[in-house]
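The structure appears below as structure tokens.
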There are 4 protein chains.
Amino acid sequence: MVIVNFKTYSEATGSRAVELARKAEKVNSETGVSVGVAPQFADIATVTEAVDIPVLAQHVDPIRPGGFTGHVLAKSVKEAGAVGTLINHSERQLKLSDIDEIIKLAREENLLSCVCANNPSVSTAVATLRPDIIAVEPPELIGTGISVSKAKPEVITETVRLVREVNPKVTILCGAGISRGEDVAAALKLGTQGVLVASGIVKAKDQYAIMREFADASKG
Amino acid sequence: MVIVNFKTYSEATGSRAVELARKAEKVNSETGVSVGVAPQFADIATVTEAVDIPVLAQHVDPIRPGGFTGHVLAKSVKEAGAVGTLINHSERQLKLSDIDEIIKLAREENLLSCVCANNPSVSTAVATLRPDIIAVEPPELIGTGISVSKAKPEVITETVRLVREVNPKVTILCGAGISRGEDVAAALKLGTQGVLVASGIVKAKDQYAIMREFADASKG
Amino acid sequence: MVIVNFKTYSEATGSRAVELARKAEKVNSETGVSVGVAPQFADIATVTEAVDIPVLAQHVDPIRPGGFTGHVLAKSVKEAGAVGTLINHSERQLKLSDIDEIIKLAREENLLSCVCANNPSVSTAVATLRPDIIAVEPPELIGTGISVSKAKPEVITETVRLVREVNPKVTILCGAGISRGEDVAAALKLGTQGVLVASGIVKAKDQYAIMREFADASKG
Amino acid sequence: MVIVNFKTYSEATGSRAVELARKAEKVNSETGVSVGVAPQFADIATVTEAVDIPVLAQHVDPIRPGGFTGHVLAKSVKEAGAVGTLINHSERQLKLSDIDEIIKLAREENLLSCVCANNPSVSTAVATLRPDIIAVEPPELIGTGISVSKAKPEVITETVRLVREVNPKVTILCGAGISRGEDVAAALKLGTQGVLVASGIVKAKDQYAIMREFADASKG
């Protein structure tokens, strides 16, 4: 599984978000590897209109319908076509009780929950809250091009080991610095089920080619 | 001028956001009074696709393109069709330096900035930052149906007086509890140029009728 | 174990914080039950000067020495005489990664970590982070005088059950609405090792008498 | 006027906070120049016990007595001996409405309010809220040793010009990178009434000597 986080990169905003999602869809259909995308809130509707791959929000707030101007309602991203949401990304970290609440809200709305964590102990705490997916990303490697699966394999193996003690079923992804197919292959070999990636794809010269490389590497 | 804040009300989420925006457009074209709408981020694209009235975001973050997962880029709401944004709504308050930064970003992106303030002194501080619009809303009246223009007229007159000392041009709106045409008329008489309203319209049994009443009252 | 959170009540600020701590010390020495106090930051030094019971900070920040104006350094409360700190109180909730970091910092500084949690699932997540103490407090009962141990015993039993699955050693406290000795006795019977209490003692007419009642009830 | 912000530097924590405050007091009495200090919350009581110079808190919260665990009550720092407080330091920035509220609370408690601002427009907004002191500090220079009064004199002159348009009486300080007497002299020449300084003094090899140099430069 590959999830591409569009962040707020200009290369993945507005019409360029749709173009990138179309490339992801192409890779998806060519390889059979699940490639999901996480565009900005304002781009979810146009992206889901354009493609048939899983679209995730980058965040939702721990709220139900009501007076919460400027916040992100789970139901609103669901109605716009999202099938899931990132939660607690290192660039949008949340209070622990809010993570717990959002996982429950996502379940109610039938949205996949993909909770990010910065290290093995935080991943383990998250695992007890029963999200669908955990993505461990050492923040110091995010955006560096230095792959977590190469530079800090022990972060991944320790996360897998500790998470499995409390939650045998959750899908485990890793991220940070993933920029080549071999980084993806290494991640899978260390016990994860896929990667969460952003700049490695969004800022690549040939976004399609690198996504294809990731997907091919995912098949082993 | 009437700006309708959709907040995260279920009556104004997804397809219902589009329906409400269509009613606002009808009032707009029937009366010639400018009626703008502020839907949730994920609804901006579908709303701007459906109607030809001003659409505002409910918030944008003080960021430029980059690694800001889960945040709201001014450019993204602009590309989705918004012509402006609320800033510092009482339900999404911001650091002072961020308000300053967002006003500057909005100007760069050619987005109207409508900064909310909770009292006359805060309105005056905001006025020195040269936004396009200031909306004063005493938070204790928001959502109550008790109109600021009736219950606390001195908040409005004091705001108008102090703001005009430092900024003769900014558009001044008021809000909180506005629920009938006479509340709008009172607001204009006190020196404002219009109203920012949410539950008074969104939660009304007949959203069109009450918007029409507001628009008619705006014409004096 | 009884921990008395002084919050920012005027009845427990400045000289009144010292007076209340003295009453706690008296109960401590009369009953042998450990009674700790958590005064405001600015009162820690004078309280620790005055009494010989455990003094906790109400919060510390996830920082090391450096440029963090207005934040609370673990070392500063330690030097002022505190032996531990509350973490993630429902009135001062923290990001998950910060809770993880603060528990580690507390350990380095040899400070007891008492992490608050709002429900059984959050308590379990916290338990995997290996703090010294977990205090479960349903926020809706805080300050009500309706005791969690009477009104929501299932919150306590479920917390004890789930926490023990991942952490057999951590001390478990409960709080919210504890106002009589029988509430304390009930809490112990449900499997906790004590209570975290605030208004029930701080706002009592006779602070000493109620603390004594709590301590006596703690002895069974 | 010189205000020394102790931040959370280890060189100014606990007993070292007291030592540094004593040096400030010595400079104060030798030169007649007002030298105030802003230690950490937990050090306020011991510092005010030890010296007779103005002691400020580094921050207070926009709260009145009540249930605000882990927050900083104006009354608590006042009772501990502080005569004022920094507000909105760039390392502890606040919502605009909170700045407004804290200035009012400080006035009620008879505490001096020293509000920090990052640029001329924010300084001007702050000036309309009538604090006692404004300290403008470009955050990009904080802690660099590159003096704002040398590297960005236009920030200071623009701040003085704009602030004076809306507030003729407020005391204006500047800060960031101030590390020599000539930086202080330059700041005064540009129209300020003094400096807010941190690392330039706290991390100096000879804290007394550099404070004395600052004070001498303040006398012109």
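Things worth noting here:
- Pairwise FRET efficiency - D:Asn110 versus C:Glu49, Cβ, R0 = 22 Å, nearest 0.05: 0.30
- Close amide-amide hydrogen proximity is noted between A:Arg92 and no other residue 5 or more places distant or on a separate chain, at a cut-off under 5 Å (H modeled in the peptide plane; Pro and chain starts excluded).
- Packing-based exposure ordering (other Cβ within 10 Å, fewest first) of C:Val184, D:Val170: D:Val170, C:Val184
- In segment D:42-141, the C-alpha radius of gyration followed by the widest Cα-Cα span (Dmax) gives 13.4, 39 angstrom.
- Each Lys or Arg adds one and each Asp or Glu subtracts one; over the other residues with Cβ under 13 Å from the Cβ of D:Val47, this totals -3.
- Nonlocal amide H pairs with A:Leu173, under 5 Å, H built at 1.01 Å: A:Ile134, A:Ala135, A:Val136, A:Gln193
- Cα extents of the protein assembly as shown along the three principal axes, largest first (Å): 70, 65, 52
- Long pairs among A:Lys78/C:Lys152; A:Lys26/A:Lys219; A:Lys104/C:Lys95; B:Lys75/D:Lys150; A:Lys152/B:Lys75; B:Lys205/C:Lys152, criterion Cα-Cα beyond 28 Å: A:Lys78/C:Lys152; B:Lys75/D:Lys150; A:Lys152/B:Lys75; B:Lys205/C:Lys152
- Rounded to the nearest 500, the helix-only mean residue ellipticity at 222 nm of the protein assembly as shown stands at -12500 deg cm²/dmol, with each DSSP H run of n ≥ 4 adding -39,500 (n - 2.57).
- An oblate overall shape is assigned to chain B, the ratio a/c of its alpha-carbon gyration tensor axes (a ≥ b ≥ c) being 1.5 or greater and a/b not exceeding b/c.
- Coupling constants for segment D:155-162 follow from the phi torsions by the Karplus curve (6.51 cos²θ - 1.76 cosθ + 1.60, θ = phi - 60°), and in residue order they are 4, 6, 5, 5, 4, 4, 4, 6 Hz; glycine and proline get x.
- Karplus (6.51, -1.76, 1.60) ³J(HN,Hα), θ = phi - 60°, over segment D:83-91, in Hz, Gly and Pro reported as x: 10, x, 8, 6, 9, 6, 4, 4, 8
- Annotation for D:Arg92 and A:Gln193: the two label points, set 7 Å from Cα along the Cα-Cβ direction, are 4.5 nm apart.
- Partner chain coverage, peptide C:42-50 - average Cβ within 10 angstrom: 6
- Taking a sphere under 11 Å around the Cβ of C:Leu73 and counting the other residues whose Cβ falls inside, with K and R at +1 and D and E at -1, yields a net charge of 0.
- Using a 7 Å projection from Cα along Cα-to-Cβ, the label point at A:Ser29 is separated from the same position in the remaining copies by 3.7, 8.2, 8.5 nm, smallest value first.
- Between segment C:1-69 and segment A:1-36, the Cα center-to-center distance that results, in Å: 54
- Annotation: aspartates and glutamates with alpha-carbon distance below 20 angstrom to A:Lys23 (same-chain offsets under eight excluded): A:Glu11, A:Asp43, A:Glu49, A:Asp52, A:Asp206, A:Glu213, A:Asp216.
- What the Cβ-Cβ distance of A:Glu30 and B:Val83 gives, at R0 = 35 Å and to the nearest 0.05, is a FRET efficiency of 0.30.
- Estimated Rh, segment A:112-220: Kirkwood, alpha-carbon pairs, angstrom: 13.6
- Shielding of peptide A:120-131 by partners, expressed as the average count of other chain Cβ atoms within 10 Å per residue Cβ, is 5.
- Label spacing, shortest first and in nm, from B:Ala50 to its equivalents in the remaining copies (7 angstrom along Cα→Cβ): 2.2, 6.3, 6.6
- Of the peptides C:114-122, B:104-112, the ranking by mean beta-carbon count within 10 Å, highest at the top, reads C:114-122, B:104-112.
- Per-residue ³J(HN,Hα) for segment A:190-199, Karplus 6.51 cos²θ - 1.76 cosθ + 1.60, θ = phi - 60°, Hz, x for Gly and Pro: 7, x, 8, 9, x, 10, 10, 9, 9, 4
- Amide proton proximity set for C:Gly66, modelled H, under 5 Å, gap of 5+: D:Thr8, D:Tyr9, D:Ser10
- Remark: mean inter-chain Cβ contacts per residue of A:75-85 equal 4, using a 10 Å Cβ-Cβ cutoff to other protein chain atoms.
- Pseudo-label separations to other copies for A:Asp132 - Cα-to-Cβ vector, 7 Å, nm: 3.8, 4.2, 5.7
- Stretching A:Glu165 away from A:Glu19 to a fully extended chain increases their span by 48.5 nm, per 0.36 nm per residue minus the current alpha-carbon distance.
- Calculated FRET efficiency, B:Lys219 to B:Arg64, Cβ-Cβ distance, R0 = 41 Å: about 0.50 to the nearest 0.05.
- Highest mean first, the peptides B:143-155, B:56-68, A:78-90 sorted by other C-beta atoms within 10 Å per residue fall in the order A:78-90, B:56-68, B:143-155.
No lab work stands behind these numbers, since they all come straight from the coordinates. Note that the structure is a prediction, hence the values are computed from the model and not measured. Reconstructed Cβ throughout: ideal geometry from the backbone, glycine too, with neighbour counts over all protein chains shown.
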